[in-house]
Amino acid sequence: MRSTRSQRLPALASPVFRTFLGAAFVGNIGGWMSATAQGWLVLGLTDSAAALGLTSAAGSVPTLFLSLLAGVLADRLDRRRILVGGQLAGGAVAALLAALTTSGRVEYWQVIVLAFLAGYATAIAGPAIQAIVTTLVPRADIGNAVALNSAQFNLSRILGPMAAGIAIAAGGLAVAFWVNAIALFFVAIVLARLQLPPASAMRAVESSMWSNLVDGFRFVHADRMVAVLLVLTIVPGLFLLNYLPLLPLYARDILGIGAEGLGVLTAAIGIGALSGALGVAVLRPGGGSGMLAIGGLSVGSLALVVFGVSTALPISL
């Protein structure tokens, strides 16, 4: 079995990568549970679609403004310290939200503030997490490592919302927040003990942070393919994925499926993402293509239009 695994999934031959993958999976399950419960909490506190959108925006604003700086920091500082610090900060925010919810004293403005702080921690740690995956396996296995990391993320996207839906339906809204806090603290402990290879990008410290930032823009400007890939990432982020904050409203008022249904509805996204990724891996083992990317975005756009007018659960799923 070990021989077969090393041939088909060579990245799993690295014990450090296996540990990292398991910790990331636990952390992501907690994150998806919290995200699902947070939407239901905001809807219950405000009964407002605008409030759902504002909460999502509060959590995303730090990523918009800090990701470029965080990418430079990931090249200049100890990535493990960035990761551990980000997980501890996120765990503290999740624990505070869990405590407020448990006490019954939580208010909407508190959720907004905590969503912003959680987004801040995620924005700082995000580039370091993405960069560190490529250092845990041999260069020839990087593609396999990235694919496995994507698979665990999408699998957690299935299990986390479903678990949150069950917890909310059972009257345990705060349970999802507590699980997220515990998961983040667990990930921080695992990462702190992980034997990571020394960073090889310390030469970036020779120049200023501003120079490193400008170098990134120059690189994108000089490489047309990278620029196109960035646009293909930005466009769905702006126009395709903004239905996600409104899922609690769809679950409660349009589809009438309640908290458990919200978990299933959110999990359906993960099932689609996971099956799509596996389909690409099987049909195009050598990688994707421009036409495949455009085709995927086109299908996603049509599906969003149908979802927007659907009142039938099977079609919405």
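Structure notes:
- Calculated SAXS-style log₁₀ I(q)/I(0) at q = 0.09, 0.12 Å⁻¹ - the chain, Debye, Cα scatterers: -0.50, -0.91
- On a per residue basis, the convex hull of the C-alpha atoms belonging to the stretch 78-233 measures out at 158 Å³.
- Net lengthening on full extension, V61/L244 (0.36 nm per residue, minus Cα-Cα): 64.3 nm
- Net length gained if the chain between T233 and F217 were fully extended (0.36 nm per residue, minus Cα distance): 4.1 nm
- If you wrap the stretch 218-284 in the convex hull of its Cα atoms and look at it from every side, the mean projected area works out to 6.4 nm².
- Largest GNM mean-square fluctuation across L278, L249, L302, computed for the chain with C-alpha springs under 10 Å, falls on L302.
- Taking M225, M33, M291, M162 and ordering them by how much accessible surface each has at a 1.4 Å probe, largest first, produces M291, M225, M162, M33.
- Max mean-square fluctuation residue, GNM over the chain, Cα-Cα springs under 10 Å, options F186, F219, F177: F219
- Accessible carbon and sulfur surface of the chain relative to its total accessible area, %, 1.4 Å: 69 percent
- Per residue value of the accessible surface for the chain (all protein chains in place, 1.4 Å probe), Å²: 54 Å²
- The stretch 109-184 and the stretch 286-317 have Cα centres lying 24 Å from one another.
- Taking I269, I82, I294 as the candidate residues, the one with maximal mean-square fluctuation in a Gaussian network model of the chain, Cα springs under 10 Å, is I294.
The values are calculated or read from the model by the stated rules, or taken from the named source; none is laboratory data. Everything numeric in this text was worked out from a predicted model, so none of it was measured. These accessible areas exclude ligands, DNA and RNA; they are computed on the full protein's heavy atoms, side chains included. Shrake-Rupley method; radii C 1.70, N 1.55, O 1.52, S 1.80 Å.
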